[in-house]
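Here the structure is laid out as structure tokens; the discussion comes afterwards.
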Amino acid sequence: MRGDRRRNAAVLPDSAAGLVPVMELAEQTGLSALIGECVTVDSARVASGAVNPAGKLTALVGAMLCGGDHIDHADLLRAGGTATVFDEVYAPSTLGIFLREFSFGHAQQVAALARRHLIALAARTPLLPGAGDRVYVDIDSVLRPVYGHAKQGASFGHSKIAGKVVLRRGLSPLLTTLSTDTAAPVIAEMRLRSGRAGSGRGAASQVASAIGTARDIGAGKILLRGDSAFGSKKIMRTALAHDAEFSLAITRNKAVDRAIAAIPDDAWTGVEYPGAVCDPDTGEWISDAEVAEITHTIGTGRSGITVRLIVRRVRDANYRDGLFPVWRYHPFATNSELSTTEADLVHRRHAIIETVISDLIDGPLAHLPSGHFPANTVWAICAQIAHNLLRAAGTLTGSPRHTVARGATLRRDLVCVPARFARPARRPVLHLPDHWPWEQSWKTLWHSIFDTNSHTAAATT
């Protein structure tokens, strides 16, 4: 790539040349058109506050793609030559006024367009390879701390820090992701709730919507996974009603403990676990973890649901030198056809949703910028769209590394690229730096997006 440092040339802000292909991908998948179809906001506070929702929402998504985590970071799009490259760039104050025009119903419109845009992204890019075989739907919640008494919906909820449960004042996003055996997770649903909301509040309807999105993408079998906060009969029935399998941890109670005690001693099988060793003579795993299963009915009477109760037991580290082993039991309920050991391994991979939560906290959800609850809801959904766009861009690089990389890596390698914008012979050109470490991946991304569009800026190579 060729570098050129003429002083009178416009320079894209702090390495944002990657916005050009990524935002073009957003347009090719109909983001602006979907906003125009789905979002209709009536100005209630400021006469012009809700004008042009497509331009303003895409500006928020663009700022998040650059690494913006609060409203003032929208200024990233007004620095250097970005305003020359993009048609609609707004001041942070304008975007803040726009967000405050949203009501709860308007926020639902943005959620609907996010679902439709994910379906379009999956059709345009290899976002979920292997979806025809099996798609995993994972659900989890997180508490994001907020400060100040003017935050609508902020309340004290439980959060775990360094292994200890503490009360923190905040808001609680509930998110659902889609992934496959070979694909990194993308966000199907994102809803914001008050801090004191229980983890499972609103989960059943969100699961139903996420399963519907997976079906529209072309999913074959669907497996719903979640921790014990979501292991309720209501969510299991939702999965069954939508012809989906489930693998949900359940809370231990007297009935579950009786079922665990009824498992024969010879039914336990060692499983591959961190620190496990394979016996070269028998081929069995010598491990501190073992699994077994038993049929169990959750509930009583007609409302009961009969499931496979799979239990993983692990030796308690506090009693390793005891005369008899002391076990800790971790039960989960499933209706899948996987073997006992395979079902356990697949269930534990539910933790992949934590990588998405980590990406969001390290990016757009580092802050929830507004005191207005619907505004923060729209901010969270824009973070969902930005996350899915980054993930789709990573799949178009042709690099296995970027296909599964975390969000911060994708922003650094693909979006945060310094460039100079010029118009030789009135033809827009981006002059990119010499020896960019991820040059090949970036060029593959560029050509994957622009080869089908003749009216685009050129990147010098």
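Which FRET efficiency value, to the nearest 0.05, do you get for Ala33 and Ala351 by plugging their Cβ-Cβ distance into 1/(1 + (r/R0)^6) with R0 = 30 Å?
According to the calculation, E is roughly 0.25.
Considering all alpha-carbon pairs of the chain, what whole percent are spaced by more than 43 angstrom?
Distances greater than 43 Å cover 22 percent of the Cα pairs.
Over the range 65-130, what is the mean sequence separation of C-alpha contacts under 8 Å (at least six apart), divided by residue count, expressed as relative contact order in percent?
Contact order relative to length: 21 percent.
Round to a whole number: what % of the accessible area of the range 56-197 belongs to carbon and sulfur, probe 1.4 Å?
52
Which FRET efficiency value, to the nearest 0.05, do you get for Arg78 and Arg45 by plugging their Cβ-Cβ distance into 1/(1 + (r/R0)^6) with R0 = 25 Å?
Plugging the Cβ-Cβ distance into 1/(1 + (r/R0)^6) gives 0.60.
Choose one of Ser247, Ala289, Cys278: the residue whose Cα lies farthest towards the positive end of the charge dipole of the range 227-348 (beta-carbon charges +1 Lys, Arg; -1 Asp, Glu; about the Cα centre).
Farthest along the dipole direction, towards plus: Ser247.
Rounded to the nearest 20 debye, what is the charge dipole size of the chain about its Cα centre when +1 sits on each Lys and Arg Cβ and -1 on each Asp and Glu Cβ?
Its charge dipole is roughly 1500 debye.
Based on the mean of other Cβ atoms within 10 Å per residue, sort peptides 410-416, 34-40 so the most packed one is first.
410-416, 34-40
For the Cα atoms of the chain, what angle does the longest principal axis make with the long axis of helix 53-65, in degrees from 0 to 90, nearest 10?
For helix 53-65, the angle is close to 70 degrees.
Quick one: helix 373-395 against the long Cα principal axis of the chain, what's the angle to the nearest 10°, folded into 0 to 90?
Relative to the chain, helix 373-395 is tipped by roughly 90 degrees.
Counting heavy atoms of the protein chains only and a 1.4 Å probe, report the per residue accessible area for the chain as a whole number of Å².
Roughly 45 Å² per residue, with all protein chains present.
Show me, for the range 83-100, the HN-Hα J-couplings you get by feeding each phi into the Karplus relation (A = 6.51, B = -1.76, C = 1.60, θ = phi - 60°), rounded to Hz, glycine and proline as x.
Result, rounded to whole Hz: 5, 6, 6, 9, 6, 10, 10, 10, 6, x, 4, 5, 5, x, 4, 4, 4, 6.
Using the Cβ atoms and a cut-off under 11 Å, what net charge is assigned to the surroundings of Ser303, where Lys and Arg are +1 and Asp and Glu are -1?
It works out to a net charge of +4.
Percent of accessible area on the range 245-387 owned by carbon and sulfur, 1.4 Å probe?
Answer for the range 245-387: carbon and sulfur cover 51 percent of the accessible area.
Quote the charge dipole size of the range 338-461 about the Cα centre in Debye, to the nearest 20; the model charges only the Cβ of Lys and Arg (+1) and of Asp and Glu (-1).
Dipole of the range 338-461, to the nearest 20 debye: 520 debye.
What does the charge count near Met23 come to, summing +1 for each Lys or Arg and -1 for each Asp or Glu among other residues with Cβ under 12 Å from its Cβ?
Summing Lys and Arg as +1 and Asp and Glu as -1 gives -4.
Amide H neighbours of Asp140 under 5 Å, at least 5 residues apart or on other chains, H built in the peptide plane: list them.
Leu175
Given Cα pairs under 8 Å that are at least 6 residues apart, what percent is the relative contact order of the chain?
Answer for the chain is 22 percent.
Give the percent of DSSP beta bridges with both residues in the chain that are antiparallel, rounded to the nearest 5.
85
Where the centre of each part is set by its Cα atoms, how far does the range 361-407 sit from the range 81-124, in angstrom?
Spelled out, the Cα-based centre of one part sits 13 Å from the other.
Can you list the HN-Hα couplings for the range 238-245, worked out from phi with the Karplus curve (6.51, -1.76, 1.60; θ = phi - 60°), rounded to whole Hz and with x for Gly and Pro?
4, 4, 5, 5, 9, 6, 10, 7
Check Ser194: other-chain or 5+ apart residues with amide H under 5 Å from its amide H, H built from backbone geometry?
Under 5 Å from the amide H of Ser194: Ser172.
Rank-order 287-294, 185-192 by packing density, defined as the average count of other C-beta atoms within 10 Å over each peptide's residues, highest first.
Final packing ranking: 185-192, 287-294.
Averaging sequence separations of C-alpha pairs under 8 Å and six or more residues apart, then dividing by the length of the range 226-272, give the relative contact order as a whole percent.
So the answer I get is 40 percent.
Rounded to the nearest 0.05, what FRET efficiency do Ala267 and Asp216 have when you use their Cβ-Cβ distance and R0 = 51 Å?
0.80
The values are calculated or read from the model by the stated rules, or taken from the named source; none is laboratory data. Since we're looking at a predicted model, the values are computed, not measured. Quick reminder, even Gly has a Cβ in these numbers, built from the backbone with ideal geometry, and neighbours come from all protein chains shown. Side chains included, ligands, DNA and RNA excluded: accessible areas come from the protein's heavy atoms. Shrake-Rupley method; radii C 1.70, N 1.55, O 1.52, S 1.80 Å.
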